[in-house]
Amino acid sequence: MSRLAEKYMTKITIVDEKDNVIGSEEREVAKQNGLIHRIVRVIIRNSKGQLFLQKRGKEQDTWPNRWDQSVGGHVDEGEDYDSAALREMGEELGINDISLNKLDKWYQEENMGGTILKRFNVLYGANYDGEIILAKGEISGGEWFDINKIKKWMEENPDNFTPGCIDTFERYWKLKGE
């Protein structure tokens, strides 16, 4: 079984409408039943002021081959937001020693093919100039981009990005005054 397939079978944290943990469930079951769950999102900036974007792999069950924020993922059973963000950094980009700054938290409902995804999101920011090792299968590419290029690209070709990525970057830029 591939690492990506194992990831889809991992139980994720299920919460109530106030973000209190009420249990856990397999990811697909949570999505199909409209259970509220937790997501972490990380935007990484380098010393040149560029932001790192990852391109989701073609095997991804949601939004394959689209550009996404630097790191993102579900909060697994038994994890909190911080530990999930650090785990995802290691799994997706091979970054294991980094300080994260919690920037925002929000609730979101997103229609995805007739299924309403209900989730709490926590956004982190990080500064990083080191080596990035992309997770094979999960990520098909990654690159540093100037902020203005990303904004223009999102305006002209929003279908190149996941909806969550666009929402996350709009929140990030507003928080940063960019």
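The values are calculated or read from the model by the stated rules, or taken from the named source; none is laboratory data. Because the structure is a prediction, the values reported are computed rather than measured. Here Cβ is always computed from backbone atoms with ideal geometry, including for glycine, and neighbour counts include all displayed protein chains. Just the protein is used for accessible areas: all its heavy atoms, side chains included, with ligands, DNA and RNA removed. Shrake-Rupley method; radii C 1.70, N 1.55, O 1.52, S 1.80 Å.
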Subject >> Helical mean residue ellipticity (222 nm; -39500 (n - 2.57) per DSSP H run of 4+; nearest 500) of the chain >> reply: -8000 deg cm²/dmol
Original post:
Straight-line reach from LYS176: which lysines have a Cα under 18 Å away, not including same-chain ones fewer than 8 places off?
Top reply: LYS48, LYS102, LYS105, LYS149, LYS151, LYS152
Original post:
To the nearest 10 degrees, how steep is helix 163-176 against the longest Cα principal axis of the chain, on a 0 to 90 scale?
Top reply: 60
Original post:
How do the peptides 98-105, 31-38 rank, highest first, by the average count of neighbouring beta carbon atoms within 10 Å per residue?
Top reply: 31-38, 98-105
Original post:
Quick one: Cα convex hull volume of segment 89-159, Å³ per residue?
Top reply: 151
Subject >> Inter-site label distance for ILE116 and LYS152 at 7 Å from Cα along Cβ, in nm >> reply: 3.9
Subject >> Signed unit charges on C-beta, dipole axis of the chain, positive-most listed residue VAL15, PHE161, ILE98 >> reply: PHE161
Original post:
Hey, got the dipole for segment 59-178? About the Cα centre, +1 on K and R Cβ, -1 on D and E Cβ, debye to the nearest 20?
Top reply: 460
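Grab the Cα-Cα distance for GLN50 and ASP16, subtract it from 0.36 nm times how many residues apart they are, and report the gain in nm with one decimal. Kindly include the intermediate steps, with their values, before the conclusion.
Working: separation 34, 0.36 × 34 = 12.24 nm, distance 3.65 nm.
Fully extending the segment from GLN50 to ASP16 adds 8.6 nm.
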Original post:
Translational D (Stokes-Einstein, µm²/s) of the chain at 37 °C and 0.692 mPa s when Rh comes from the Kirkwood sum over C-alpha pairs?
Top reply: 199
Original post:
Using a 1.4 Å probe, how large is the accessible area of LYS11, given in Å² and rounded to the nearest 10?
Top reply: 90
Original post:
Mind listing the Cα extents of segment 15-58 along all three principal axes, in Å, largest one first?
Top reply: 42, 29, 13
**OP:** Compute the long axis of helix 81-93 from its Cα atoms, compare it with the longest principal axis of the Cα atoms of the chain, and write down the angle in degrees, 0 to 90, nearest 10.
**Re:** 60
